[in-house]
Amino acid sequence: MEPKYKRILLKLSGEALMGSDPYGINRQTIEDIVAEIAQVAGMGVEIGVVIGGGNIFRGVAPGASGMDRATADYMGMLATVMNALALQDAMRHAGLASRVQSALNVEQIVEPYIRGKAIRYLEEGKIVIFAAGTGNPFFTTDTAAALRGSEMGAEIVIKATKVDGVYTADPKKDAGATRYGRISFDEAIARNLKVMDATALTLCRDQKLPINVFSIFKKGALKRVVLGDDEGTLVHV
């Protein structure tokens, strides 16, 4: 089947890597996620990945609430570099060619973010993992995903979560909550739905870059999103 999107930006939260563990990286979980990505890469889709760091930093530093915000954010960025390296290693074991680019300069470990080089890697069929968020404090990795997606010319930002879409209420607390199949950016912002943070949502809206929110733990869901099936929630202009 022909994919609907030829170039995508996948946003992975750090928490997605924990599996059922309280923090850190669950090896089986990261292998399962890479297997889902491999299915899509096998269709010829060009893939960029932005990864979070909540599984490491929030897991080992619950006292960060009393920390200077910029310092805490830089620590979070370094956690994303660790996750990016783990993801790259799992991809190598799965036979996938990937490159890590970091918005912070840690050149002994990974190469710096260079837009032109990242685009060339994508055109060569390599998966590009973007680490360290935007490289600036006070911005989330959701915003980094919106930014990198726009810079890379991605056709869609695909946000992998633990829930299979955006709901009218928290489905864990409200049995009557229903999933939105499609919703506009303006509706999502007006209803304060937790799709992404406001900066990321606004950037995607202004760039006319749709977002699809889906569950990474639902087998084959990423492939169905890329094929354009009714999977998760599509946020559109």
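Structural remarks
Quick grid of which residues meet (1) surrounded by fewer than 23 Cβ atoms within 10 Å (Cβ to Cβ); (2) in a strand (DSSP E or B); (3) modelled with pLDDT of 95 or more; (4) not hydroxyl-bearing (S, T, Y):
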residue	(1), (2), (3), (4)
A144	no, no, yes, yes
V157	no, yes, yes, yes
D170	yes, no, no, yes
V195	no, no, no, yes
L203	yes, no, yes, yes
K223	yes, no, yes, yes
V226	no, no, yes, yes
E231	no, no, yes, yes
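- Being farther than 15 Å from K11 by Cβ, touching a Gly at 6+ places or on another chain (Cβ under 8 Å) and of a type outside the set (A, V, I, L, M, F, W, C) is a description that does not apply to D186.
- Number of positions in the range 71-121 that are of a type outside the set (V, I, T) and not in a helix (DSSP H, G or I): 16
- Number of positions in the range 94-120 that are crowded, with 21+ Cβ neighbours inside 10 Å and either modelled with pLDDT under 95 or not small (G, A, S) (or both): 3
- Residues that are surrounded by fewer than 16 Cβ atoms within 10 Å (Cβ to Cβ) and among the polar types (S, T, N, Q) were ranked within the range 64-93; the one that is nearest to V40 (Cα to Cα) is T71.
- Scanning the range 64-95 for residues that are under 18 Å from the mean Cα position of the chain (by Cα) and not small (G, A, S) returns D73, M77, L78, T80, V81, M82, N83, L85, L87, Q88, D89, M91.
Listed here are the residues, each with its yes/no results for (1) buried (at least 17 other Cβ atoms within 10 Å of the Cβ); (2) closer than 14 Å to I8 by Cβ; (3) touching a residue at least 24 places away in the same chain (Cβ under 8 Å).
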residue	(1), (2), (3)
G125	no, yes, yes
R148	yes, yes, yes
A160	yes, yes, yes
V166	yes, no, yes
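The values are calculated or read from the model by the stated rules, or taken from the named source; none is laboratory data. Note that the structure is a prediction, hence the values are computed from the model and not measured. No Cβ is skipped: glycine too gets one built from the backbone with ideal geometry, and neighbour counts run over all protein chains shown.
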